[in-house]
Amino acid sequence: MPNQGEVLELIAERMERGKSTSSAEVVEEYDLEETAACGHLKRLWRERLVETVSSRPLRFKFRLTPGESLRDLRFKIAPRGKARLRWIEGQEEQEDWL
């Protein structure tokens with residue numbers, strides 16, 4: 001089971017290649033159940049580490065509209081997500097140093 005940082009890194013790598021990420025790509029990459037992949041994306045989205053590719057109504061920018069499925073959305077890394085990846089990288093470097 002991947003952790004939050006690994007899924008965030010996948011989204012960042014795909015974005016560097018000009019691609020957005022859906023739950024289907026997370027399922028394929030990590031061999032997860034669809035509900036687990038959606039859970040990862042939902043947490044990242046709620047924490048504002050990723051954002052949707054399509055424009056959304058302001059009040060639904062970081063949550064689903066009534067009747068909407070997370071499976072239909074595509075995500076890209078948000079500036080806050082890039083900062084989190086830099087922080088994770090710094091933590092890993094500190095652990096290597098110790």
Determine whether L70 is more than 22 Å from P2 (Cβ to Cβ) and aliphatic (A, V, I, L, M).
-> no
Scanning for something at pLDDT 95 or above and of a type in the set (S, T, N, Q), does the stretch 8-21 turn up at least one residue?
-> yes
Within the stretch 78-98, residues being touching a residue at least 24 places away in the same chain (Cβ under 8 Å) and out of contact with any Gly (no Cβ under 6 Å at 6 or more places or on another chain) number 6
Breaking point among (1) over 17 Å from E9 (Cβ atoms); (2) in contact with a Gly (Cβ under 6 Å, 6 or more places away or on another chain), for P66 = (2)
Would you check if F75 is in contact (Cβ under 8 Å) with a residue 40 or more places away in the chain, among the aromatic types (F, W, Y) and in contact with a strand residue (DSSP E or B) (Cβ under 8 Å, 6 or more places away or on another chain)?
-> yes
Taking the stated definitions as given, is R43 of a type in the set (D, E, K, R), in contact with a helix residue (DSSP H, G or I) (Cβ under 8 Å, 6 or more places away or on another chain) and at pLDDT 95 or above?
-> yes
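The values are calculated or read from the model by the stated rules, or taken from the named source; none is laboratory data. Remember, it's a predicted structure, so these values are computed and weren't measured experimentally. Neighbour counts run over all protein chains shown; Cβ positions are idealised from the backbone, glycine included.
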